[in-house]
1. Is it fair to say Leu53 is out of contact with any helix residue (DSSP H, G or I) (no Cβ under 6 Å at 6 or more places or on another chain), open to solvent by 60 Å² or more (accessible area, probe 1.4 Å) and closer than 21 Å to Gly99 by Cβ?
2. Which residues, counting only those in the stretch 122-142, are surrounded by 12 or more Cβ atoms within 10 Å (Cβ to Cβ) and aliphatic (A, V, I, L, M)?
3. Regarding the stretch 108-115, can at least one residue be identified that is closer than 21 Å to Leu134 by Cβ, small (Gly, Ala, Ser) and in contact with a Leu (Cβ under 9 Å, 6 or more places away or on another chain)?
4. Any residue that is under 24 Å from Ile80 (Cβ atoms) and not β-branched (Val, Ile, Thr) - is there at least one of those in the stretch 117-129?
5. Among the numbered conditions (1) assigned to a helix (DSSP H, G or I); (2) closer than 28 Å to Val152 by Cβ, tell me where Arg51 comes up short.
6. For Pro42, all conditions in the list (1) under 23 Å from Lys85 (Cβ atoms); (2) free of Cβ contacts under 8 Å to residues at least 40 places away in the same chain hold save one; what is the number of the exception?
7. Kindly check whether there is at least one residue in the stretch 100-121 that is within 24 Å of Met29 (Cβ to Cβ), surrounded by 12 or more Cβ atoms within 10 Å (Cβ to Cβ) and either free of Cβ contacts under 8 Å to residues at least 60 places away in the same chain or not small (Gly, Ala, Ser) (or both).
8. I want to confirm something. Restricting to the stretch 75-99 and keeping residues that are of a type in the set (Lys, Arg) and in a helix (DSSP H, G or I), which single residue is farthest from Ala27 (Cα to Cα)?
Amino acid sequence: MDQSSRRPSEPLEAALGMLARRSYSVAEMRRALEKKFGEGAPVGAAVARLRELGYLDDKKFAALYASSLARNRGFGSHRIRRELKAKLVDYKYIEPALGQAFEEVDERQLLERALLKKIKTLRRPVTPARIYSLCQSLMRQGFRSDDIMKAVRSRPELKPVSGDVAPDEEEF
């Protein structure tokens, strides 16, 4: 097989190959094709044709991607919003996609599940620094800080011990 038969010669052919591997937002596909073929009419025509065929649809992409991140990765709304922006999804589709994703999955249950998982691996004794680290990791997963604090405060096993005296060394 020679080199020309392995590499797509036109943007539409390349785009179809890319879409066979994973979904793309409209802007993300345009950027990838422009990187490969340069800016111009062929890339614009390929993107327009893909949209016409229904292969590129930011609204559908955002809804499916947000739902997948919530269900499969357990991400909160802030993280999913960042991920959708990174995928260059049109902003007008992000909030509706988040709303739909969290109709299917309860964000507080996701937070509780993530917190429970973190508690199992939390080293003892529980110190303020470890609580801070736990909260930061939950924030990176996309949960709201006030929701995290409520969840952490509701857990008696997460009451930090004093940093001055170890629990076994209390004075008499």
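The values are calculated or read from the model by the stated rules, or taken from the named source; none is laboratory data. The model shown is predicted, which means the values in this text are computed figures rather than measured ones. All Cβ positions, even for glycine, are placed from backbone atoms using ideal geometry, and neighbour counts span all protein chains on display. Only protein heavy atoms, including side chains, enter the accessible area calculation; ligands, DNA and RNA are left aside. Shrake-Rupley method; radii C 1.70, N 1.55, O 1.52, S 1.80 Å.
1. It is false that Leu53 is out of contact with any helix residue (DSSP H, G or I) (no Cβ under 6 Å at 6 or more places or on another chain), open to solvent by 60 Å² or more (accessible area, probe 1.4 Å) and closer than 21 Å to Gly99 by Cβ.
2. Answer for the stretch 122-142, where residues must be surrounded by 12 or more Cβ atoms within 10 Å (Cβ to Cβ) and aliphatic (A, V, I, L, M): Leu122, Val126, Ile131, Leu134, Leu138, Met139.
3. yes
4. Checking the stretch 117-129: at least one residue is under 24 Å from Ile80 (Cβ atoms) and not β-branched (Val, Ile, Thr).
5. The one condition Arg51 does not meet is (2).
6. Pro42 satisfies all of (1) under 23 Å from Lys85 (Cβ atoms); (2) free of Cβ contacts under 8 Å to residues at least 40 places away in the same chain except (1).
7. yes
8. Of everything passing the filter in the stretch 75-99, Arg79 is farthest from Ala27 (Cα to Cα).
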